[in-house]
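One structure below.
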Amino acid sequence: MTILSRQQILEADDRKKITVNVPEWGGGIIISTMSGTMRDVWEQTLQKSNFSLENMRARFLVAVAVDEQGEPLFTMDDVEALGKKSSAALTRCMVAAQELNALTNNDLEDIAKN
């Protein structure tokens, strides 16, 4: 096993991206792995909402959807509007993002417990 230097770690391109086809929206959306910071922010939004399931898919999409340059596609100001979109489309994006981010239902339960 190679021991990495600080520089190698900081320069590593470790944020994977996939494109999810969303026929309801007429195209695809890019989903990315969350940065450590974004994961913390997303978990904090869950805690602030007392783990309310309202707009959970939309909040998650804000954390993982990016444009072609890898910049966030949405902000938390978009959650309400996203929540009004097709549940099938949002769920498709969420399932793909959960897999990409190695986020299981058990992880969600652990977050709720803490």
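The values are calculated or read from the model by the stated rules, or taken from the named source; none is laboratory data. None of the values given here were measured: they were computed from a predicted structure. With ideal geometry, Cβ positions are generated from the backbone for all residues, glycine too; neighbour counts draw on all protein chains shown. Surface accessibility is based on the protein's heavy atoms, side chains included, excluding ligands, DNA and RNA. Shrake-Rupley method; radii C 1.70, N 1.55, O 1.52, S 1.80 Å.
Some values worked out for this structure:
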read-out	value
Two-site label geometry, LEU10 and LYS84: point separation in nm, points 7 Å out along Cα→Cβ	4.4
In Hz, Karplus ³J(HN,Hα) per residue of the range 54-61 (6.51, -1.76, 1.60; θ = phi - 60°; x = Gly, Pro)	4, 6, 4, 5, 5, 4, 5, 4
Given the chain, longest segment not containing exposed loop trypsin sites (Lys or Arg not before Pro) (DSSP; at most 13 other Cβ within 10 Å)	17-83
Phi to ³J(HN,Hα) by Karplus 6.51 cos²θ - 1.76 cosθ + 1.60 over the range 85-95, Hz, x for Gly, Pro	7, 3, 5, 5, 5, 5, 5, 4, 5, 5, 4
Cα→Cβ-extended label distance, 7 Å offset, between SER49 and ASN106, nm	2.5
Percent accessible area from carbon and sulfur atoms, the chain, protein chains only, probe 1.4 Å	49
Whole-Hz ³J(HN,Hα) from phi, Karplus 6.51 cos²θ - 1.76 cosθ + 1.60, for the range 13-22, glycine and proline x	8, 10, 9, 6, 9, 9, 9, 10, 6, 10
Coarse-grained scattering of the chain at q = 0.09, 0.14, 0.19, 0.24 Å⁻¹, given as base-10 log I(q)/I(0) from a Debye sum over alpha-carbon atoms	-0.26, -0.60, -1.03, -1.51
Hull shadow area, averaged, the range 1-58 [alpha-carbon convex hull, nm²]	6.5
Dipole magnitude (debye, nearest 20) for the chain, charges at Cβ of Lys, Arg, Asp, Glu	160
With Cα atoms, 0 to 90° folded angle of helix 36-48 axis to the chain main axis	40
FRET efficiency estimate (nearest 0.05) - Cβ-Cβ, THR91 to SER35, R0 25 angstrom	0.60
